Amino acid sequence: MYLLIDAGNTRIKWLLMDSVYDNSALVSYGDLEEFKAYVARLDVYGIKVVLAAVNQTDTLINVLHKVGFKQIEIASSRAEQLGVINSYAQPERMGVDRWLAMIAAYSAVNKNTASGVIVVDAGSALTVDVVDIAGKHLGGYIVPGLMMAQRALFSNTERVIPYESSSPGSELTTPFNILGNNTLQCVEYGVINQLVALVQSVVGRYPGYEVVFTGGDGELIANFFTPTKIDKNLVLKGLWQVRN
């Protein structure tokens, strides 16, 4: 069996999987303490850990060793893997979550219809990566995600204050191209417009490419695009595909 772990900047996701990937399997997620409680209950015998971490790598390895895991494989970005070619001169400097998401998305798209793919991961940061039909990563963008951008405004701008009396912008389901009428709405709608506009600009430059959304805010951003594919577990799927 395999314990797949995707440790991002905000939370940890994990999945215990047998020899065949099950799309219906329940993915768990939580903070470090919740993860510790989970692994402490496991019978570690016969389970291999496959870890992708952009945060807390050493801490997670220590936790796993303490409960008795011996086989721990740490995924990393490479120059080429499973048909995807990295554009970075130093591939190891690419976040492994981006790399695994590209591998999983490219594999899924080209199983049915051969085309390029645009991977949008809307988490703490929003990343956009473009992979052509031959599997070559053409490059991408990284910008602050929804919550990070809002916090930056609230923390660093004296006049932008999230007053409690303001109605949360999330009450509206389609704030794109809508003007805010209180501080909280102005910030939230402004950030959403920025993120959606960035993705739209990339999609417009690569017509015919499949767009795949993932990450905690992936579904929110995907609402402004049709047709769309949403896969919240894209990194875990990529991790499964690259395991040894």
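The values are calculated or read from the model by the stated rules, or taken from the named source; none is laboratory data. This one's a predicted model, so the numbers in the text were calculated from it and none came from an experiment. Note that we place each Cβ from the backbone using ideal geometry, even for glycine, and neighbour counts take in every protein chain shown. SASA here: full protein model, heavy atoms, side chains in, ligands and nucleic acids out. Shrake-Rupley method; radii C 1.70, N 1.55, O 1.52, S 1.80 Å.
For region 183-239, which positions are open to solvent by less than 20 Å² (accessible area, probe 1.4 Å) and β-branched (V, I, T)?
Across region 183-239, the qualifying residues are V187, V191, I192, V196, V199, V202, V211, V212, T214, I221, V235.
Listed residues V44, V63, V39; which is assigned to a loop (DSSP other than H, G, I, E, B) and farther than 24 Å from L126 by Cα?
Sole residue among the options that is assigned to a loop (DSSP other than H, G, I, E, B) and farther than 24 Å from L126 by Cα: V44.
Hey, could you check region 17-31 for residues that are of a type outside the set (V, I, T) and touching a residue at least 24 places away in the same chain (Cβ under 8 Å) and say which is surrounded by the fewest Cβ atoms within 10 Å (Cβ to Cβ)?
Top of the filtered list is Y21.
Return a yes/no flag: does region 59-73 have any residue that is closer than 23 Å to Y141 by Cβ, of a type in the set (A, V, I, L, M, F, W, C) and out of contact with any helix residue (DSSP H, G or I) (no Cβ under 6 Å at 6 or more places or on another chain).
No; the residues of region 59-73 include none that is closer than 23 Å to Y141 by Cβ, of a type in the set (A, V, I, L, M, F, W, C) and out of contact with any helix residue (DSSP H, G or I) (no Cβ under 6 Å at 6 or more places or on another chain).
Filter region 196-237 down to the residues that are touching a Gly at 6+ places or on another chain (Cβ under 7 Å) and among the aromatic types (F, W, Y), then identify the one that is farthest from Y106 (Cα to Cα).
Only one residue tops the list, namely Y206.
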